[in-house]
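Bear in mind that the values in this text are calculations on the coordinates, not laboratory data. What you see is a predicted model; the values in this text were computed from it and never measured. Because the Cβ atoms are built from the backbone with ideal geometry, glycine has one as well, and the counts that use them run over all protein chains shown.
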Amino acid sequence: MKRNLLLTPGPSKVPVELCEVLGKPIIHHRTPQFQQILKEVFANLKTLIGTSSDVYLLASSGTGAMEAAVGNLINPGDKAITVEYGKFGERWTELVKAYKATPIVLKVAWGRAVTVEEIKKVLADNPDAKAVFLTQCETSTAVTPDLASIGAFMKTTHAALVVDAVSALGTEPIRMDDWGVDVYCSGSHKGLMLPPGVGIVAASAKAIAMISASTNVRFYFDLRKARKALADTDTPFTPAIGIVIALNEAVKMLMADGIDKKQAYYLKMAQAVWAAAEAIGLSVYAQPAFRSRALTAIMIPEALDPKKLVKIMRDTHGITFAGGQGELDGKVVRIAHMGAVDEYDILTGLSCLEKVLKQAGHKFELGASLAAAQKVFNS
Ligand SMILES: *Cc1c(COP(=O)(O)O)cnc(C)c1O
């Protein structure tokens, strides 16, 4: 029987409990049964995100949620700050350009995330910028910024703080209202451990005011329509019904023993992977102060051909890691520790990585990464 273990940062592993929910016959969305589910899922997502404001559900991948944020906040000709420390930060810049606004691009060296000092400076230089777009977990480099400090500063400005949390939600801590995040975008297929199909946008009061004041052209992703529907516990168009039903269960599962505990477990898995990499003579790409708990990018010497390692792991052994993107193409392998991934999945992934590294001629003691990871898991 062929194994298919997804240790990729989206889509991520879907647990059996949720496969069972996803396998049920569809129900109609204009029914009291579905409305009850919507009511619960909105409430549960608000708790998970840490907001008492609006949460909207879109039928889209994560980029749809990002596009909704840009299209609803920014008018043509507006200035917006986009922060780039990886491939997904670059997507904010492309979106702002697509909407005929002017991106002020703050480039941060790959391997770390932006600091509050850098945000302060770029806003001081561009006081007319309407929003700052950044990434909570930059999936291409596996870094995360100190969002609480950045949000605390952004609260004192007129500009909105818009966060791509597509790979962060569920795994990285977030207290949207306390921290001062204005728009929080995510999707169903990463930390929320489901197939792709639901985009999530949470909007603060400050963001809602900007959304209603904006004159930009919008239709499917018009968040004014989503807000109006939300008041009736509804969505403006047909939602991704099956995934929304499973999303309600997924969020409940994540929060069952307390989300803090779950997120501490993700951090432990991350620390186990960092120790494992070092134990076999490899290094973690992200700088220690900025490492994400959702995934790790491990540097692989080019001579060992990381792309080929990923291919053999997937095609021969049924264990999928991700390769590198952009600048890191052909330089790293990425392993996710988000959603439904647990310590035994990590150990399985590491043992397979050891096997293919050994075959590629890398010198290390077999089992060393497993021992290092086990030490962290048992500490
Ligand atoms: C996966 C991801 C996205 C969105 O990708 P989709 O393919 O549209 O779901 C955006 N940002 C980050 C950080 C991601 O990891």
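Scoring residue 70 on the criteria (1) surrounded by fewer than 19 Cβ atoms within 10 Å (Cβ to Cβ); (2) touching a residue at least 40 places away in the same chain (Cβ under 8 Å) leaves a single failure, condition (1). Set side by side, the residues 338, 299 differ, and just one is surrounded by fewer than 23 Cβ atoms within 10 Å (Cβ to Cβ) and closer than 30 Å to residue 91 by Cβ, which is 299.
Filtering the range 78-96 to residues that are farther than 16 Å from residue 159 by Cα and in a loop (DSSP other than H, G, I, E, B) leaves 85, 86. Residue 283 meets each of the listed conditions (1) free of Cβ contacts under 8 Å to residues at least 60 places away in the same chain; (2) farther than 30 Å from residue 375 by Cβ apart from (2).
Quick check on residue 67: is it within 30 Å of residue 311 (Cβ to Cβ), part of a helix (DSSP H, G or I), within 13 Å of the ligand (Cβ to nearest atom) and not β-branched (Val, Ile, Thr)? For residue 67, the condition - within 30 Å of residue 311 (Cβ to Cβ), part of a helix (DSSP H, G or I), within 13 Å of the ligand (Cβ to nearest atom) and not β-branched (Val, Ile, Thr) - is not met. Applying the condition of being part of a loop (DSSP other than H, G, I, E, B) and over 16 Å from residue 243 (Cβ atoms) to the range 1-23 and asking which residue is farthest from the chain's Cα centre (by Cα) yields 1. Selection of the range 1-48 for residues being of a type in the set (Lys, Arg) and away from the ligand (no atom under 16 Å from the Cβ) yields 2, 3, 24, 30, 39, 46. Taken over the range 49-64, the criterion of being surrounded by fewer than 19 Cβ atoms within 10 Å (Cβ to Cβ), more than 16 Å from the ligand (Cβ to nearest atom) and farther than 18 Å from residue 253 by Cα is satisfied by 52, 53.
If I filter the range 97-106 for residues that are farther than 30 Å from residue 245 by Cα, part of a helix (DSSP H, G or I) and among the hydrophobic types (A, V, I, L, M, F, W, C), do I get at least one hit? Yes.
Across the range 308-335, what is the total count of residues that are assigned to a loop (DSSP other than H, G, I, E, B) and crowded, with 22+ Cβ neighbours inside 10 Å? Residues that pass the stated criteria total 2.
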